[in-house]
Amino acid sequence: MEILPAIDLREGRVVRLRQGDYSLQTTYSDDPASVARTISAAGAGWIHVVDLDGARSGRPANTDAIRAIREGVDVRLELGGGMRDEQTVRSAIDLGADRVIIGSAALADWAWFESLLDRDGLAGRVALALDAREGRLAVNGWTRWLAASPLDIAARTVGRPIAAIIYTDIARDGMLTGVNVEGAAELIAATDVPVIASGGVASMDHVVACREIGCWGAIVGRAWYEGAIDLAEACRMAR
């Protein structure tokens, strides 16, 4: 299993939100590239980068910070936030993203998302974000709710060239209360796409729990920034 440390960007700074609430922000650094170098030194193979301003506005906003991260490390990057059309997806790849995360746009127009997967150079480079609270999916920076559940969407992904499904339990995100293991396990059983768990990782026990249910990866944010998890040890344990 991979540990994917998160770098959430807002106005060029590294921040974390609690439960996706933009009014509940903690700022950890004004130097995203330095944070990325620390992550690389700990042995992580991937960094999970989210453009929070882009997620909210529908267009990428932190490109300078993303470019600085890419130029500063050799670690693979997955990038999300504001990826609403093919041009933006390709621009993100040109910026240095190894794979691009699409959430809101996919859920708004599934036919478009499936067609994107079949376009030149994009198979296996697009991940699907499924962010949910109490079984309902959220979109547009977690500001709008849908009737569909993560399992409803997972059924559509079988056999498709999706790089990964990133499953976030919003109620646990940034709260250090542990991953929604049951929800992640249900997704894993419902699809053949690799599943990455996100939201609430706070201890080595949580890392082990994700590995034992068969997660491809686990995203670590606040727990690492605040010292609850030793990142290098978490990477070793995951593998």
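The values are calculated or read from the model by the stated rules, or taken from the named source; none is laboratory data. A quick note: this is a predicted structure, and the numbers were derived from the prediction, not measured. Cβ atoms come from the backbone with ideal geometry, glycine included; neighbour counts cover every protein chain shown.
Overview of values
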| quantity | calculated |
| --- | --- |
| Condition check for Ala189: at pLDDT below 90, out of contact with any Cys (no Cβ under 9 Å at 6 or more places or on another chain) and surrounded by fewer than 17 Cβ atoms within 10 Å (Cβ to Cβ) | no |
| Single residue of Leu52, Leu9, Leu17 found to be of a type outside the set (Asp, Glu) and at pLDDT 95 or above | Leu9 |
| Residue satisfying condition, being more than 22 Å from Asp169 (Cα to Cα) and at pLDDT below 95, within set Ala132, Ala61 | Ala61 |
| Pair list, Cβ under 7 Å, 6 or more apart: the range 223-239 residue without any contact (Cβ under 8 Å) to a residue 40 or more places away in the chain, other residue part of a loop (DSSP other than H, G, I, E, B) | Ile229/Ser203 |
| Whichever residue in the range 65-78 is closer than 13 Å to Gly12 by Cβ and of a type outside the set (D, E, K, R) and, among such residues, is surrounded by the fewest Cβ atoms within 10 Å (Cβ to Cβ) | Ala68 |
| Matching residues, the range 216-238, being in a loop (DSSP other than H, G, I, E, B), modelled with pLDDT of 95 or more and under 17 Å from the mean Cα position of the chain (by Cα) | Trp216 |
| Failed criterion for Met237 (all others in (1) under 29 Å from Ser115 (Cβ atoms); (2) in contact with a helix residue (DSSP H, G or I) (Cβ under 9 Å, 6 or more places away or on another chain) hold) | (1) |
| Residues within the range 53-64 that are surrounded by fewer than 24 Cβ atoms within 10 Å (Cβ to Cβ) and either aromatic (Phe, Trp, Tyr) or under 18 Å from Gly12 (Cβ atoms) (or both), tallied | 8 |
| Search result, residues across the range 135-152 that are more than 27 Å from Ala97 (Cα to Cα) and at pLDDT below 75 | Trp145, Leu146 |
| Flag for Ile166 being modelled with pLDDT of 90 or more, touching a Leu at 6+ places or on another chain (Cβ under 6 Å) and surrounded by 21 or more Cβ atoms within 10 Å (Cβ to Cβ) | no |
| Filter result (in contact with a helix residue (DSSP H, G or I) (Cβ under 9 Å, 6 or more places away or on another chain) and not in a strand (DSSP E or B)) within the range 195-205 | Gly199, Gly200, Val201, Ala202, Ser203, Met204 |
| Subset of the range 20-49 (residues that are at pLDDT below 95, surrounded by 15 or more Cβ atoms within 10 Å (Cβ to Cβ) and out of contact with any Leu (no Cβ under 7 Å at 6 or more places or on another chain)) | Gly20, Tyr22 |
| Candidate set: the range 5-47, residues that are among the basic types (Lys, Arg) and out of contact with any Phe, Trp or Tyr (no Cβ under 9 Å at 6 or more places or on another chain); chosen: the one nearest to Ser203 (Cα to Cα) | Arg18 |
